Structure formats: C-alpha cells, structure tokens
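Take a look at the structure below.
The values are calculated or read from the model by the stated rules, or taken from the named source; none is laboratory data. Note that the coordinates shown come from a computational prediction; the quantities given were computed from them, not determined experimentally. Using ideal geometry, Cβ is built from the backbone for each residue, glycine included, and neighbour counts are taken over all protein chains shown. Please note that ligands, DNA and RNA were not included when accessible areas were found on the heavy atoms of the full protein model with its side chains. Shrake-Rupley method; radii C 1.70, N 1.55, O 1.52, S 1.80 Å.
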Amino acid sequence: MSTLAVMGAFLALTVLTLFPAIMVISTRNVLHAGFWLLPCLIGVAGLYAMLDAHFFVVAQVLVYIGAILVLILFSLMLTRDVMNPKAPQHNGLVGVAVPICATMSAICALLLARHPWPAGPVAAAGAQDQTVALGRALIGTYALPFEAASVLLLAALVGAIVLAKAPQSEPPAAERIECPGGEK
Amino acid sequence: MDPITATHYIGLSAILFAIGAVGVGIKRNPIVIFMCIELMLNAANLALVAMGKHLGSISGQMMAIFVMAVAAAEVAIGLGIIVSIFRSRETIDIDEVNLLKL
C-alpha cells in the first residue's frame, strides 16, 4: 500500500473511532450512546487490522461488538425507565472532569511530540507470522495464565447468573414480574 | 517505510482514554459509565497491540487478550449487579444509590 493510502486509512479510522467516542459521552439518550459505541469499536477493529493483528480484529468484533455491546444494550432495555431522555444524564462535575482529562491528554501529547518512538528496530513480522506466534504462545509460554483467564470467565458468568437471578425468598410470582418493569 | 509509527497509535490511544475518563467522571447512568470503561479498555488494548508490534514481540498482544477476557468478565458481573440494583431500588442513578454513604 502506498504511503498516502496508509495515512488516509489511519486518519479515517481515527475519525471513526474518536467522533463516536465523543458522541457516547455527549448524547443525552442512553440508547443512542449504546449505538454510538458500535462505530467506535469498529474503528478500533480497523486499527488492529492496520497493526496486522488479525486475531484481534476477529476478537474485537466477536467479543466487543458481538457480546459486550449486545449485553450493554440488553441491560439498557431491562432498566428501561432510565432510557427517558429527559432524565439528567450528567452530574455536576463536567467543569472538573473535562479540564483534568484534557490536561492529562495534553501532557501525553506533549511528551509524545517531544520524544517520538523511533521506527521499530525489528523488522515487523507479517500478519500470518504474528497470528501463528500468538497461537503458539497461547499453548506454550502463556498456557497457564490462559487457563486462569478461562476459569475467571467461568466464575464471572456463574456469578452474573447468581446476581441477576430473582431472589428465591420472594415467592409470589406476580410481584416478581411487576418489579423489574417498575411500572407502578 | 510505514508512515504511521507507534507514536501515532499511542497518541490516539491517549485521546480515546481521556474521552473515556471524562465519561466516567461526568455520567450518572452506570451503564453509560460501563460504556466509557469499555472505551478506556479499548484504548489500553490499542496501546498494547501497537507497542507489541513496535517491539516485534508477541507479549503486547498476549496482554491485550487478558485485558479482553477481564473486560468480558467485568461487564457480565457489572451488568448483573446493575440489574439487581434496579430490581431492589427501582433506579440505577448512581447519585441515588447511596446506601453505603454515611
């Protein structure tokens, strides 16, 4: 790919990532915020593709877009009175949080502008080699942490089921159905 | 020669992280706060993958895999907690969920 095409792709993906991210925190409608998250995550997946991390493109689409985003949208629908766009969405801390984070960002930008990383000393491995190396490392060097992560995920899923299950000490079924809707 | 270096990716990642941090600071709905945490985790993942490529090492991608696993676990548990709070209190506004406050 030519230099110009690479730069253009990076710029387009930057916009595709950052603009929806800003919309997520600025829109008043909670459901719209959830949907704005989608292009942002797709933009990050595109950046992974530019980094030749093909496994992460797939994982980003499967895990973030397929699972996490859908889960977030589901729980928005389960708690539907907060989807009211008229409800206040911001606490009073906009004047504090924005300057702090802008300062942090500016410091990072300043440091990066002063000390840019030199071009990598190592010749970048091809995409296929990276994926092969990742697979080998997952069943080799990092096998034990990988298993620990899977146990963590299993525990988290069991815990989530236990948490979200209706308490058994409230037998009347009618009451239970009425409660989650919050339409009294 | 690749015109986009690790510096660009780290800068983008810092901006994305700052946006997420602002969202966590100013939002009242915990589900939107979750979305902002996801933004921050994505920024961290991007930085890890970019540095992994820059250093020619697989460790960056490996760390990003674990970040992703922890993010999935965290969102499952967190949303379970939110649904459960909504059941018992009829609201999930974090300014009103204040039983632990003195």
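B:I77 passes all but one of (1) facing another protein chain (nearest Cβ under 7 Å); (2) surrounded by 21 or more Cβ atoms within 10 Å (Cβ to Cβ); (3) touching a Leu at 6+ places or on another chain (Cβ under 8 Å); (4) among the hydrophobic types (A, V, I, L, M, F, W, C); which number fails?
(2)
Residues in the stretch B:28-38: is at least one over 21 Å from A:L37 (Cα atoms) and either polar (S, T, N, Q) or within 17 Å of the chain's Cα centre (by Cα) (or both)?
no
If B:Q61 meets every condition in (1) closer than 22 Å to B:I4 by Cα; (2) facing chain A (nearest Cβ under 7 Å); (3) open to solvent by 30 Å² or more (accessible area, probe 1.4 Å) apart from one, which number is that one?
All conditions are met except number (3).
Within the stretch B:38-51, is even one residue part of a loop (DSSP other than H, G, I, E, B) and either within 7 Å of another protein chain (Cβ to nearest Cβ) or among the polar types (S, T, N, Q) (or both)?
no
Among the residues in the stretch B:6-20, are any hydroxyl-bearing (S, T, Y), more than 7 Å from chain A (Cβ to nearest Cβ) and in a loop (DSSP other than H, G, I, E, B)?
no
Please verify whether B:G56 is under 30 Å from A:A143 (Cα atoms) and not in a helix (DSSP H, G or I), treating the condition exactly as stated.
yes
Name every residue in the stretch A:47-68 that is assigned to a helix (DSSP H, G or I), open to solvent by less than 20 Å² (accessible area, probe 1.4 Å) and either touching a residue at least 24 places away in the same chain (Cβ under 8 Å) or closer than 23 Å to A:L153 by Cα (or both), in order of residue number.
Correct list: A:L47, A:F56, A:A59, A:Q60, A:Y64, A:I68.
Considering each of A:A148, A:A119 in turn, give the residue that is open to solvent by less than 90 Å² (accessible area, probe 1.4 Å) and either modelled with pLDDT under 80 or not in a helix (DSSP H, G or I) (or both).
Selected residue: A:A119, the only one of A:A148, A:A119 that is open to solvent by less than 90 Å² (accessible area, probe 1.4 Å) and either modelled with pLDDT under 80 or not in a helix (DSSP H, G or I) (or both).
Could you tell me which numbered condition B:S57 fails, if it satisfies all but one of (1) under 11 Å from the mean Cα position of the chain (by Cα); (2) closer than 20 Å to A:A133 by Cβ?
Failing condition for B:S57: (1).
Against the conditions (1) among the small types (G, A, S); (2) touching a residue at least 40 places away in the same chain (Cβ under 8 Å); (3) within 22 Å of B:L79 (Cα to Cα), where does A:A21 fall short? Just the number, please.
Condition (2) is where A:A21 drops out.
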